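Every number in this text was worked out from the coordinates using simple rules, so none of it is lab data. Please read these numbers as outputs of a predicted model, since none were measured by experiment. Glycine also receives a Cβ, built like all others from the backbone with ideal geometry; neighbour counts cover every protein chain displayed.
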Amino acid sequence: MDGFSEIITERMKQYDEYFSRMVLDDINLIIREAHKKDSESAPQTTVADELKENLEAVENFKGSRLEKQAFLYCKQLGINYKNLSEEEFRWLIRLLQKSKKMGTPISQRKKR
């Protein structure tokens, strides 16, 4: 094959992939619309989408590491962080500190 034929072949593959993706997206949209009232239908947004949005919100949140974790948990549970009383916030922080998974990201102790 010469260089021109290779370029044309590669472009044709790219167009095939592009149009296949477009058709697949259209089919998925048609199916979703047809079944959106079914009780077994998948939600419009996935748990992964929601988590990604919540993590992006945490990135923009100003506060300490613990405050950011509290903010994330509130987002995940559907609790308005701003509506927490001072006492509720303190309890939430206390609960988070009891979690084994909420340890410091990097150990500050020197290994001997």
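General remarks:
- Long pairs among Lys36/Lys75; Lys37/Lys75; Lys52/Lys75; Lys62/Lys100, criterion Cα-Cα beyond 19 Å: Lys36/Lys75; Lys37/Lys75; Lys62/Lys100
- Loop-located trypsin sites (Lys or Arg not before Pro) in region 1-89 (DSSP state other than H, G, I, E, B) with a sparse environment of at most 14 neighbouring Cβ atoms within 10 Å: Lys36, Lys37, Lys62.
- Region 1-42: translational diffusion in µm²/s, Stokes-Einstein, Kirkwood Rh over Cα pairs, 25 °C, 0.890 mPa s: 194 µm²/s
- Sparsely packed loop sites in region 1-76 (the GluC sites (Glu not before Pro) outside DSSP H, G, I, E and B with at most 12 other Cβ atoms within 10 Å) comprise Glu40.
- Here the Karplus relation 6.51 cos²θ - 1.76 cosθ + 1.60, evaluated at θ = phi - 60°, turns the backbone of region 65-81 into coupling constants of 4, 5, 5, 5, 5, 4, 4, 5, 4, 4, 4, 5, 8, x, 9, 6, 4 Hz, with x for every Gly and Pro.
- Shape class of region 47-102 from the alpha-carbon gyration tensor: prolate, with a/c at 1.5 or above and a/b greater than b/c.
- Inverting the pair-averaged 1/r between distinct Cα atoms of region 1-86 gives 17.4 Å as its Kirkwood hydrodynamic radius.
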